[in-house]
Amino acid sequence: MAERRLISADSHVNEPPEMFAERLPAGLRQRGPRLESVEGVECLVMEGMRPRRLPRGRDALTGEALERAQAGGWEPSLRMRDQDRDGVSGEVIFPTLGLQACFMAPDAALQYALARAYNDWLAEIFAPYPQRFAPAAVIPMLDVEESVREAERAAKLGLRSLFLPCQVPTRPYNDPAYDRFWAAAQDTGLTLTFHAGTGHEPRIERGPGGAVINYLLGSQIDGAHVVLYLTMSGVLERFPGIQFVTVETGSAWLAWVMTTMDEIYEKHHMWARPKLDLKPSEYVRRQGHVTFQNDPVGVHARTFTGVDALIWGSDYPHPEGTWPDSRASLAAQLAGVPDDEAARMSGGTAARLFGFVW
């Protein structure tokens, strides 16, 4: 395992909140992310989002807790140091604040302004290092024509993926109005990514058990949502050049969704619309992928999903991820897996999807 190349298809940058204010048009700066005191606690606040408490007490942290708190920055050399320590040779980069901020703003004008600000900053920081970083451009989806323009602009900036929200409250992804965007995205050649917990409020439960309930039902279930909408609405059939990845959604559920889609589509064929040329699972095998961190059940189920559906991501620097022990984590999950299959899941498929030299 020591010599195997690893590419993380799920890593994050802790973007500076002031970056949005500095780059937003003057008329929108007061509506962007900012620091405020809420009931005596310093919080990050923005229209459309619940206040987010900022972590305190970093001075009291030691050991791995302190290392993780300091990780995830935007200085390329420090990120490369962290990834070298973890044995990772490339990473696909998603935002942290922007996961919610860019998609939860209450109107299209603010969403697209935030996205443009983030995408410009992202390209300036990471595009000069194409062999180590594949930055994912934020693409809101409230206005199809504006989304097309931003996707085409992102491709020209050197960004390497189009990151869409998992859900759009105003219009689900089976609406034909999106076809203009799917066609343009296909033309860019960039892989579509859908990170869990985006486009909606993932904190659905504040009572007992909320931490686990929210992670599974408020966030990871987004993977099945995206797979079902893109497959069963015929998007993948109409646009065979699209490749998509659901990110930080886990993978064990995919085998169940693929086999059940086929069964229900066959048994309910008299009601199913549109009619598809292939089995639903065949479109997912051809065009769909999910990331996993620590999911031996998903790895075991590759007989049903296909090996290339599964791509690894460390979730650096988040605490539920595998950094800085990714090699040990993968070695345990991939024990007994043929070398060629393990290599594809560890980085080979991600290299193909996101433009790394392999």
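A few comments on the model shown:
- Residue tally, condition polar (S, T, N, Q), crowded, with 22+ Cβ neighbours inside 10 Å and either within 16 Å of the chain's Cα centre (by Cα) or not in a helix (DSSP H, G or I) (or both), over region 82-103: 1
- Extreme residue, surrounded by the fewest Cβ atoms within 10 Å (Cβ to Cβ), among residues of region 29-48 that are over 26 Å from the mean Cα position of the chain (by Cα) and not small (G, A, S): E39
- One residue stands out in region 123-149 among those that are of a type in the set (F, W, Y) and buried (at least 16 other Cβ atoms within 10 Å of the Cβ): the one that is farthest from the chain's Cα centre (by Cα), namely F126.
- Residue within region 118-126 that is touching a Gly at 6+ places or on another chain (Cβ under 7 Å), under 21 Å from S314 (Cβ atoms) and not aliphatic (A, V, I, L, M) present: no
- 1 or more residues buried (at least 18 other Cβ atoms within 10 Å of the Cβ) and among the polar types (S, T, N, Q): qualifying strands (runs of 3 or more DSSP E) within region 241-347: 244-247, 288-292
- Applying the set (1) in a strand (DSSP E or B); (2) out of contact with any helix residue (DSSP H, G or I) (no Cβ under 7 Å at 6 or more places or on another chain) to P135 leaves exactly one unmet item: (2).
- Residue check for R132: within 20 Å of T188 (Cβ to Cβ) and either at pLDDT 95 or above or in contact with a Cys (Cβ under 9 Å, 6 or more places away or on another chain) (or both): no
- Unique match (being surrounded by 14 or more Cβ atoms within 10 Å (Cβ to Cβ), free of Cβ contacts under 8 Å to residues at least 40 places away in the same chain and β-branched (V, I, T)) among T198, T193, T170, T188: T188
- Selected residue (criterion: farthest from L24 (Cα to Cα)) from residues of region 69-104 that are out of contact with any Pro (no Cβ under 8 Å at 6 or more places or on another chain) and small (G, A, S): G87
- So I213, is it assigned to a helix (DSSP H, G or I), touching an Asp or Glu at 6+ places or on another chain (Cβ under 6 Å), free of Cβ contacts under 8 Å to residues at least 12 places away in the same chain and not small (G, A, S): yes
- Within region 27-54, the set of residues being under 19 Å from R203 (Cβ atoms), of a type in the set (A, V, I, L, M, F, W, C) and in contact with a helix residue (DSSP H, G or I) (Cβ under 8 Å, 6 or more places away or on another chain) comprises L44, M46, M49.
- Set R79, R5, R68: member being crowded, with 17+ Cβ neighbours inside 10 Å and at pLDDT 90 or above: R79
The values are calculated or read from the model by the stated rules, or taken from the named source; none is laboratory data. These numbers were taken from a predicted model, which means no experiment stands behind them. Using ideal geometry, Cβ is built from the backbone for each residue, glycine included, and neighbour counts are taken over all protein chains shown.
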